[in-house]
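Down below is the structure, laid out as structure tokens.
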Amino acid sequence: MAEAAPLPSPSTTPATTGMVQGNVPLAHAGCLRPAIVAIDGPAGSGKSTIGFAVAGLCSFLFFDTGIMYRAVTLAALQRGVAIEDESGVTELAETIHIDLAAPGADEEDGRQTSVLLDGNDVTWTIRTPIVDKHVSLVAAYAGVRAALTVQQRRIAQRYGRGNADKPGIVLVGRDTGTVVTPDAAVKIYMDASAEERARRRHVELAGRGQVVAFEHVLRDILRRDEIDSHRAVAPLRAADDAVVVDTTGMAPPAVVAAVIAAVRRKLEEQGC
């Protein structure tokens with residue numbers, strides 16, 4: 001069974017104005033072996049926001065694995081490959097080149113990582129509602145998952161061994177702790193009520209000037225939950241040894257503190 005996380009109470013957590021204020025950086029986080037933190041959860045659970053903050057505190061690379069499935073979805077939409085054509089989408093996933101890069105000095109638009117699809121910057125294009133609508137179906141295709149899992153695992157293992165420009169890596173997705181990096185030193189499963197997750201996504205879209213009815217966002221969240229949890233290949237679930245964090249009603253700094261506490265416990269267990 002997954003472990004229930006001992007969470008700091010929002011009422012007793014010091015008030016903070018920034019995501020990581022009040023959370024102390026872990027200078028020795030790279031001592032983890034492997035130096036991998038895997039964070040999974042359903043759409044809108046906050047795993048990307050929290051994962052980015054945790055990566056900053058640990059000086060790790062932040063890797064949102066979902067961007068790869070979004071990039072494949074976008075490529076299919078742009079190139080006229082029907083989303084329902086599993087073989088066509090799979091072939092596309094096996095041929096396109098997806099890469100990541102740290103944001104440049106001229107890219108101060110809130111991005112966490114720059115995403116390149118065959119050399120073109122698609123960082124924000126992959127976050128549009130049309131991609132949201134189709135990405136879960138694309139991610140359910142076994143061939144697509146196989147093609148992208150190989151790339152994800154290669155990146156994770158390189159950083160996890162300390163053989164890269166950062167001492168470790170934080171992966172976020174839906175199967176990072178169960179399939180991509182089952183040997184991750186720390187596994188987190190983040191969840192929240194569907195209504196809470198829809199509210200967060202609605203605010204995110206509004207912040208980017210995209211007007212979408214809340215009811216539509218909620219329906220999309222529920223539809224994606226159904227697809228993600230019941231797909232035949234790598235269904236969404238918490239790893240047996242994951243720390244489960246229910247973020248409903250929690251302020252982001254408190255969630256970050258819960259994840260950092262899990263990292264600290266693992267460091268102590270490994271004698272770091």
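Assign one of three labels to the stretch 184-272, namely rounded, prolate or oblate, based on the Cα gyration tensor with a ≥ b ≥ c the square roots of its eigenvalues; rounded applies when a/c is under 1.5, prolate when it is not and a/b is larger than b/c, and oblate otherwise. Could the numbers behind the result be given before it?
Working: a/c = 3.14, a/b = 1.62, b/c = 1.94.
In terms of gyration-tensor shape, oblate.
Considering only DSSP beta bridges whose two residues both sit in the stretch 32-269, what percent are antiparallel, to the nearest 5? Display every interim value, and only then the final one.
Values: 6 of 23 bridges.
If I count the DSSP bridges inside the stretch 32-269, around 25 percent turn out antiparallel.
When each pair of different Cα atoms in the chain is counted once in the 1/r mean, what is the Kirkwood radius in angstroms, to one decimal? Each step should come with its number before you reach the end.
Numbers: mean 1/r = 0.0529 Å⁻¹.
Evaluated on the chain, it is 18.9 Å.
Please compute the net charge surrounding residue 140, taking Lys and Arg as +1 and Asp and Glu as -1 over other residues with Cβ under 10 Å from its Cβ.
Details: positive: 145, 231; negative: 86, 228.
It works out to a net charge of 0.
Using a cut-off of 12 Å between beta-carbons, work out the net charge of the residues near residue 224 (Lys and Arg +1, Asp and Glu -1, residue 224 not included).
Residues close to residue 224 contribute a combined charge of +2.
I need the fraction of alpha carbon pairs in the stretch 14-145 separated by more than 20 Å, rounded to a whole percent.
Working: 4588 of 8646 pairs.
Here the tail beyond 20 Å accounts for 53 percent of pairs.
Semi-axes of the equivalent ellipsoid of the stretch 40-101: what are they in whole Å, largest first, if each equals the square root of 5 times a C-alpha gyration tensor eigenvalue?
Values: eigenvalues 164, 36, 13 Å².
Each semi-axis is √(5λ); the values are 29, 13, 8 Å.
Compute, for the stretch 32-269, the length of the dipole vector about the Cα centre, with Cβ point charges of +1 (Lys, Arg) and -1 (Asp, Glu) only. Units Debye, rounded to 20.
Numbers: 28 positive and 32 negative charges, 90 e Å.
The calculated dipole for the stretch 32-269 is roughly 440 debye.
With springs only between Cα atoms under 10 Å apart, run a GNM on the chain and tell me which of 106, 40, 228 wobbles the most.
For the chain, modelled as a Gaussian network with Cα springs under 10 Å, the answer is 106.
Give the lysines whose C-alpha is closer than 18 Å to that of residue 47, dropping any in the same chain fewer than 8 places away, or say none.
Of all the lysines, those that pass the test against residue 47 - Cα under 18 Å, at least 8 places apart if same chain - are 187.
Distance between the C-alpha centers of the stretch 109-152 and the stretch 59-102? Whole Å please.
Distance between centres, Cα-based: 4 Å.
Under a Cβ-Cβ cut-off of 12 Å, what is the net charge of the residues other than residue 205 that fall near it, where Lys and Arg count +1 and Asp and Glu count -1? Please report the intermediate quantities before stating the final value.
Values: positive: 127, 199, 200, 201, 208; negative: 132, 204, 220.
Spelling it out: positives minus negatives among the neighbours equals +2.
What are the ³J(HN,Hα) values, in whole Hz, obtained from phi via the Karplus relation 6.51 cos²θ - 1.76 cosθ + 1.60 with θ = phi - 60°, for each residue of the stretch 104-115 in sequence order, with x given for Gly and Pro?
With coefficients 6.51, -1.76 and 1.60, one gets x, 4, 9, 10, 8, 10, x, 5, 8, 8, 7, 10 Hz.
Summing -39500 (n - 2.57) over the DSSP H runs of n ≥ 4 in the chain and dividing by its residue number, what mean residue ellipticity at 222 nm do you reach, to the nearest 500 deg cm²/dmol? Intermediate results must be reported in sequence, preceding the final value.
Working: 8 runs with 115 residues, N = 272.
Computed mean residue ellipticity for the chain: -13500 deg cm²/dmol.
When the chain is modelled as a GNM with alpha-carbon springs shorter than 10 Å, which of 225, 165, 191 fluctuates the most?
Largest GNM mean-square fluctuation: 165.
Any idea what angle helix 86-95 forms with the longest principal axis of the chain, computed on alpha-carbon atoms, 0 to 90 degrees, nearest 10?
For 86-95 against the chain, the angle is about 70 degrees.
Just to confirm the number: angle between the C-alpha axis of helix 142-160 and the first principal axis of the chain, 0 to 90 degrees, nearest 10?
Around 30 degrees separate the two axes.
Just want the answer: with Cβ charges of +1 for Lys and Arg and -1 for Asp and Glu, which residue in 263, 157, 229 is farthest toward the dipole's positive end in the chain?
Value: 263.
Of 130, 110, 253, whose Cα points farthest to the positive end of the dipole of the chain (charges on the beta-carbon: +1 Lys, Arg; -1 Asp, Glu; origin at the Cα centre)?
So the residue we want is 253.
No lab work stands behind these numbers, since they all come straight from the coordinates. Small disclaimer: the values here were computed from a predicted structure and weren't measured. Neighbour counts run over all protein chains shown; Cβ positions are idealised from the backbone, glycine included.
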